[in-house]
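J.: For reference, the structure I am asking about is given below.
The values are calculated or read from the model by the stated rules, or taken from the named source; none is laboratory data. None of these values were measured; they are calculated from a predicted model. Positions of Cβ are generated from backbone atoms using ideal geometry, with glycine treated the same way; all protein chains shown enter the neighbour counts. Surface areas here come from the heavy atoms of the whole protein model, side chains and all, with no ligands, DNA or RNA. Shrake-Rupley method; radii C 1.70, N 1.55, O 1.52, S 1.80 Å.
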Amino acid sequence: MTTFQELGLNENILRAIAELGFENPMPIQEKVIPFFAENGKDLVALAQTGTGKTAAFGLPILNNIDTQTQKIQALAIAPTRELCVQIANDLKNFSKYTEKLKVVAVYGGEDIVRQFKQLDVQPQILVATPGRLIDLIERGKVKLANIQYLVLDEADEMLNMGFKDDIERILQETPDTRRTLLFSATMPADVARIAQRYMKEHEEIAVGRKNAGAENVNHIYYVVQAKQRYQALKRIVDLNPDIYGIVFCRTRQETKEIAEHLMKDGYNADALHGDLSQPQRDSVMQRFRIRNLQLLVATDVAARGLDVSDLTHVINYNLPDDTEIYTHRSGRTGRANKSGVSVSIIHTKEYSKIRNIERIINRKFEQQQIPNGLEVCKKQLFYLVDKMENVEVNEEQIAPYMPTIYQKLQYMDKEDIIKRFVSLEFNRFLAYYEDAVDLNIEDRNEKRRTGKRDRIRLKLNAGAQHSFSPKRLLGVINDLTQDKSINIGDIEITHKFSFFDVDADQADQVIEAFKGQDELQVSVVSKENPRANSQRNNNNRYKTQDNRRKTSDYRHKTQDNKTNKFREERQRQRENKRNRR
Ligand code: AMP
């Protein structure tokens with residue numbers, strides 16, 4: 001394994017990072033630091049937060065700064081105030097023993113005049129949010145003429161937040177001789193365009209796969225009725241007494257409501273959303289950072305830049321529409337070689353969203369059952385017992401009270417005492433979960449076993465005329481979905497179309513799989529009454545289990561209006577053919 005010494009960093013930096021407990025470079029550092037030293041090229045690095053990317057660009061830049069010159073030589077742009085502060089603090093820590101090196105962070109939401117003063121120290125490294133930097137350039141307070149290194153951190157986030165024009169302006173303000181390092185968790189087209197347009201010959205370094213989720217995150221999901229999401233959330237939290245995580249909601253309103261409910265129900269939670277003032281935001285974030293809060297309920301926008309390591313869970317109270325956002329959310333846990341869990345609470349119509357994310361991030365999600373009341377109580381009981389076992393007893397302080405306590409409890413035996421102490425906490429859970437209902441929606445396998453299946457009938461715009469047979473149809477569905485668990489029921493092939501039943505919770509997945517096919521298109525026949533639009537009898541349909549039947553066996557049904565029309569059309573076609581001959 002490479003050591004930091006071998007990467008050519010100077011003694012002052014080595015000493016500082018050793019004090020921070022950095023023993024070996026993380027993979028991205030192993031790649032970027034030598035690249036920086038040996039190569040004059042620009043860099044596009046695909047890396048999630050938590051991979052050690054700040055040190056990956058920060059250490060080699062610090063190693064190359066000329067501390068004798070008091071001009072801004074390196075500029076790092078980041079999407080949020082919190083990330084700027086984080087980067088600046090990291091750089092200050094790495095350069096603790098580097099004399100005369102100054103790092104300043106400037107960002108929106110802070111008094112600009114105070115930032116003028118900070119800039120008076122003439123830093124060599126400036127960390128900034130795009131909007132505030134433009135403001136400072138326009139006021140003549142920042143000059144970028146001497147920039148040698150430009151870092152665009154979380155470039156995808158910056159573009160998501162609408163900073164595209166600002167970034168382009170900043171890129172134009174800096175000299176062409178600069179080296180540009182672009183870091184992004186994902187590579188949407190907009191980021192690729194920036195790289196294409198503004199970067200010189202560049203190399204691409206990826207840590208993990210492109211658009212991949214962090215390796216040590218387990219992705220699990222629970223399926224509940226939409227109206228029972230909140231109860232499901234509580235059970236998940238109750239099942240994980242040590243949870244320290246972020247609950248992601250879609251809207252400010254939802255964020256407020258969920259946080260209020262949690263607080264009312266006795267959980268150690270608070271909300272972070274755009275309606276809070278900056279001091280309120282800072283206070284919530286700080287309480288969360290120092291673990292005064294166990295659960296932070298937040299919107300994606302509000303949680304940007306909140307850098308907290310060691311999260312045990314990320315909970316998707318609602319799945320985001322965009323897989324990139326899911327990647328960002330789940331990347332907040334499982335950092336710095338620790339494991340984490342990304343939980344999604346979904347309802348039955350959202351299976352296809354899960355499958356879609358699985359495909360893009362190339363990770364399998366595990367469906368788990370929402371625990372019942374008994375399981376939660378059991379977990380809490382043993383958690384309490386463990387806590388009691390491990391509590392540190394301050395013998396000295398407690399000693400004066402013990403004789404009276406012994407005296408008071410002397411009529412009880414040991415078993416009785418234990419039961420009562422444990423019940424002090426446990427009764428709360430017992431009472432809550434006494435009548436707890438099963439929140440799980442009967443799953444597919446169960447339905448399969450009991451034979452109760454909700455089916456949706458789908459129609460494909462290709463039939464016998466296009467040489468479609470049940471076998472071919474199944475083959476096409478298999479190929480496109482790449483999922484052998486898709487449960488296809490009755491199949492009916494008409495001349496022009498193919499009709500088939502699919503389990504209701506898999507219909508979206510099948511429809512999605514056919515999207516992007518120019519010629520093959522699938523649509524829902526009817527959700528309420530799957531059989532309404534395509535009558536059939538045993539004569540005119542193929543059954544899935546009877547795949548041996550050949551297309552030529554096909555016989556259409558006389559009483560079916562549609563089939564009649566189809567017959568007439570075929571008749572017309574035959575006549576046309578005859579006439580042509
Ligand atoms: P980042 O991706 O820059 O946010 O870094 C994630 C976390 O990993 C931060 O808390 C860093 O302090 C920590 N870190 C970065 N590099 C190393 C290293 N080589 N060894 C141990 N921890 C590190």
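J.: Tally the residues that are open to solvent by less than 30 Å² (accessible area, probe 1.4 Å), more than 30 Å from residue 433 (Cβ to Cβ) and not polar (S, T, N, Q), restricting the search to region 344-371. It would help to see each step written out before you state the result.
T.: Looking only at region 344-371, we keep the residues that are open to solvent by less than 30 Å² (accessible area, probe 1.4 Å), and these are 344-346, 350-352, 354, 357-358, 361, 365, 370-371.
If we keep only those that are more than 30 Å from residue 433 (Cβ to Cβ) as well, we get 352, 357-358, 361.
Checking which are not polar (S, T, N, Q) leaves us with 357-358, 361.
Total meeting the criteria: 3.
J.: Those residues that are closer than 14 Å to residue 273 by Cα, away from the ligand (no atom under 16 Å from the Cβ) and open to solvent by less than 20 Å² (accessible area, probe 1.4 Å), I need them from region 296-319; list them, please. Working first, answer last.
T.: Of region 296-319, the ones closer than 14 Å to residue 273 by Cα are 296-306.
Applying the additional criterion that residues be away from the ligand (no atom under 16 Å from the Cβ) yields 296-302.
Hits for region 296-319 are 296, 297, 298, 299, 302.
J.: Separate question: Identify all residues within region 13-42 that are within 25 Å of residue 178 (Cα to Cα) and of a type in the set (S, T, N, Q); write none if there are none.
T.: 29, 39, listed by residue number.
J.: If you don't mind, another one. Spot the failing condition for residue 231; the list is (1) out of contact with any Leu (no Cβ under 9 Å at 6 or more places or on another chain); (2) surrounded by 14 or more Cβ atoms within 10 Å (Cβ to Cβ); (3) of a type outside the set (D, E, K, R), and only one is missed.
T.: Here residue 231 meets the rest and fails (1).
J.: Separate question: Considering each residue of region 181-192, count those that are open to solvent by 50 Å² or more (accessible area, probe 1.4 Å) and out of contact with any Leu (no Cβ under 9 Å at 6 or more places or on another chain), and give that number.
T.: 1
J.: Further question: Residue 341 versus (1) open to solvent by 10 Å² or more (accessible area, probe 1.4 Å); (2) at pLDDT below 90; (3) of a type in the set (Val, Ile, Thr): which is the lone unmet condition?
T.: (2)
J.: Of the residues 361, 357, 346, 370, which single one is touching a Gly at 6+ places or on another chain (Cβ under 6 Å) and over 17 Å from residue 312 (Cβ atoms)? So that I can check it myself, show each step before the final result.
T.: On the way: 357 fails: touching a Gly at 6+ places or on another chain (Cβ under 6 Å); 346 fails: touching a Gly at 6+ places or on another chain (Cβ under 6 Å); 370 fails: touching a Gly at 6+ places or on another chain (Cβ under 6 Å).
Result of the check over 361, 357, 346, 370: 361.
J.: Under 22 Å from residue 184 (Cβ atoms) and modelled with pLDDT of 90 or more: which single residue out of 299, 323, 255 fits that description? Steps first, please.
T.: Values: 323 fails: modelled with pLDDT of 90 or more; 255 fails: under 22 Å from residue 184 (Cβ atoms).
After applying the criteria, what remains is 299.
J.: Now for a different question. Please note which helices (runs of 4 or more DSSP H) are completely contained in region 1-82 and include at least 3 residues that are under 26 Å from the mean Cα position of the chain (by Cα) and within 14 Å of the ligand (Cβ to nearest atom). Give the derivation first.
T.: Details: elements: 11-19, 27-38, 53-64.
Qualifying helices (runs of 4 or more DSSP H): 27-38, 53-64.
J.: Shifting gears a bit: Take region 101-140 and flag every residue that is open to solvent by 10 Å² or more (accessible area, probe 1.4 Å), under 12 Å from residue 71 (Cα atoms) and either small (Gly, Ala, Ser) or in a loop (DSSP other than H, G, I, E, B) (or both).
T.: Those that are open to solvent by 10 Å² or more (accessible area, probe 1.4 Å), under 12 Å from residue 71 (Cα atoms) and either small (Gly, Ala, Ser) or in a loop (DSSP other than H, G, I, E, B) (or both): 101, 102, 120, 121, 122.
J.: From the set of residues in region 148-180 that are assigned to a loop (DSSP other than H, G, I, E, B) and acidic (Asp, Glu), which is surrounded by the fewest Cβ atoms within 10 Å (Cβ to Cβ)?
T.: So the first thing to find is which residues in region 148-180 are assigned to a loop (DSSP other than H, G, I, E, B), and the list is 148, 153-154, 161-163, 174-178.
With the extra rule that they be acidic (Asp, Glu), the set shrinks to 153-154, 176.
Working: 153: 25, 154: 26, 176: 8.
Of everything passing the filter in region 148-180, 176 is surrounded by the fewest Cβ atoms within 10 Å (Cβ to Cβ).
J.: Further question on the same structure: So, restricting to helices (runs of 4 or more DSSP H) that lie completely within region 335-419, which ones have at least 1 residues that are of a type in the set (Lys, Arg)? Write out each step before concluding.
T.: Details: elements: 351-361, 373-390, 395-398, 402-409.
Per the criteria, 351-361, 373-390, 402-409.
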